[in-house]
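The values are calculated or read from the model by the stated rules, or taken from the named source; none is laboratory data. No experiment lies behind these values; they were computed from the predicted model shown. We place every Cβ from the backbone using ideal geometry, glycine too, and count neighbours over all the protein chains shown.
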Amino acid sequence: MKLFSKISFVALLILGLSGEALPAGELSNQMASQASPYLRLHADDLVAWQPWQQDSLQAAEKSGKPIFLSIGYLACHWCHVMRKESFSDPEIAGLINQSYYPILVDREELPQVDALYQSALAVMNLANGWPLTVFLTNDRKPIWGGAYFPKKAKSGAPGLDAILAQVADVYAKRKSDILADTKQVIEQLEEESKSAKGSIALHHIDKFAKIILSEIDPFEDGFEGAPKFPNIIALESLWRAYIRTGRKDYGDAVENAVHSMIRGGLYDHIGGGFFRYTVDRQWRIPHFEKMLGTNARLLRLMVEVWREKPDKVLQARIYQTVEFLFREMLLPGQGFISSLDADSETEEGKEEEGAYYVWSSNQLKKRLAGRYALFSAAYDLAPREGEALDTEDDPGILFQTKTSLGDLAKQFKIPPSVVTAQRDAAKNQLAKIRSKRERPRQDQKILAADNGSVISALIEAGRALDREDWLSKARMAFEAIFQSHFDASKQLHRSVVQGRLGPPATLSDYAHLAQAALHLYEVSGELAFLNQAKHIAGQAIELMWDGKNHGFFSGSSHNTRFLLIRSKPILDSDAASANSLMLSVLARLYYLTGEDKWYEIGDQTLTAFGGIPKSFLFGHAGFLNAAEDWLAALQIVVIGDEKAAALKPLRLLIDQTSLPTRTFQIIAPGTRLPDTHPAQFKEQLDGKPTVYVCRGQICSLPATTRQELAQTLISFRRGR
């Protein structure tokens, strides 16, 4: 669709004003009073930023001015560039303040606002991303926009100075044309937001796996193209297909992608943890922000692959990622923070992207001395985006070479154990040096959704690697979130910053937190966690369920009233879509409790979006994963005394086997399972801990030994 159907943006440029500085308007910058660290970072901007809230939006309508909307987040490098380059510039700020009503949004606090305008620009075939720059009518309809704009025209990109002047001029002179175009955009957004009803079966999920396998990069692993994102949800689809069918090519695609990520520059080899994505196809040159959600999802995927193929390098990355999360992102007694900034200060006091993480060859030589030769054989340097390593003083990011441990041992004529010890000593030495650098800013928002995600990941990691301390910390984080994120009326909020409640929760927050509660119930057996999951899911149904057409809205009617469209999120972003997360929650609640209400809502959710197979999209992976949870759950019941010594090896085998659709319960002998449970009348054998594995209405023979159980698990996970 073209924007400005009667006047193109090229013509708009010709109509532009001179771009001279204009006097400031009547508004004043309101960011200092906001809770969000990202918004507060803009408190000294010369732009008179206003928050996205009722009084501001109503004032914008009354002003008659177009809205200048900027959406970003604290860890975003290009957001910082635009802040320093344009929003602190008198000329640019003067243009914005005079001709626009300026609104600034933290996309992590208000993901629904971000999603709406990202979609709007996609409909207009305009570039999107962060920072997102959108020009709106005074009643919030999208006119035009893009991502980062330089202050002045550069490299073929229009300058923000000219754009501001020209959009204001056209808005004043051609508003009827603009309104006609915005009407078309909104109509298309409304059409795209409609769910297509239908029926999903396992053969549809198998077909989807074949489609996305064709998108795998045959040379560099992961999915084709650059920039290269982990695309964890789609990789999970392939992994599930491998477990479900036994097809080796599915498993190899995921294993290879994971190993390329943990060896490349996406991974921080000195401090642990992952960056958000790389700009190159080879996984070497990252953007340096570290996001909690990305690390949670990659931790979960690494654990699943390790369960099937317990590689030592992969296990080390799991440990290092968990250590990073506890060291860098956990605020004790509060939860996990949302992100670490991409930018930090150099020794000269200049803020640069990746300054905390990069090294030059000369720095490594000087610091490592005798350890440098071996270290440089094990690790190499990649340049930062848009730069080169022309001299040994140019800084780059470390990635692991493809030289194997055995080859290093032969090259340096020392045992592999000594290679490992020297390599690790060098990394520890660099970590100590790096700890003295200026650290990246922390975004100390405690987001409900991302905390739910990381708690679930830590529980899976703790179960697989038999780490009770990880389980304990995950539990404490959940209890802190459950205490801090509900208000006096028992409504969940999306975020908390230093004790201040943020916006009301979205569907994603409810779903992730309910999933975390269910994971805690499975690992502890405590009914309190199951009841908390029921409460959270019940509140989501009460606030966001569409009783007429089914499926879940992204937020309550009250909290989405200033959005042009009340959408039902079904496409994945970096995380699985909120409706897919809720379907998975409903599946697990039903299989664990047998209660009809969870079945009814879950079945209606599956049907509401069942038309997906008519036109598969990459972003449907999350919903199809959840559909498998609904259609083919693997129900595992252990009958026995939870504290019995004989039970632990059986439980550990279950925990160390990749079973993506698993639900799990330990019950005492004589416990009555729900009437719908296929193992309802199963009994313990000879007083021994006894395991039954069920799919549909079919249960396995009782297993009381590890050998019996191993055979049963492999057989049933590939069954129909």
Subject >> Residue count for segment 534-559, restricted to those that are touching a strand residue (DSSP E or B) at 6+ places or on another chain (Cβ under 9 Å) and not in a helix (DSSP H, G or I) >> reply: 9
Subject >> Members of segment 356-365 that are among the polar types (S, T, N, Q) and assigned to a helix (DSSP H, G or I) >> reply: S361, N362, Q363
Subject >> Answer residue from segment 395-417, given it is among the charged types (D, E, K, R) and assigned to a loop (DSSP other than H, G, I, E, B) and is modelled with the lowest pLDDT among those >> reply: K402
Original post:
Restricting attention to segment 366-394, which residues are without any contact (Cβ under 8 Å) to a residue 60 or more places away in the chain, assigned to a loop (DSSP other than H, G, I, E, B) and within 15 Å of T278 (Cβ to Cβ)?
Top reply: G386, E387
Subject >> Any pair with Cβ under 6 angstrom, 6 or more apart, that starts in segment 287-303 at a residue that is free of Cβ contacts under 8 Å to residues at least 12 places away in the same chain and ends at one that is surrounded by 24 or more Cβ atoms within 10 Å (Cβ to Cβ) and outside any helix (DSSP H, G or I) >> reply: none
Subject >> Pairs with Cβ under 8 Å, 6+ apart, first in segment 687-706 and at positive phi, second assigned to a loop (DSSP other than H, G, I, E, B) >> reply: G696/A632; G696/P678
Original post:
acidic (D, E) and either crowded, with 20+ Cβ neighbours inside 10 Å or within 23 Å of the chain's Cα centre (by Cα) (or both): does that describe D572?
Top reply: yes
Original post:
Filter segment 241-267 for residues that are part of a loop (DSSP other than H, G, I, E, B) and crowded, with 22+ Cβ neighbours inside 10 Å; which is nearest to the chain's Cα centre (by Cα)?
Top reply: L266
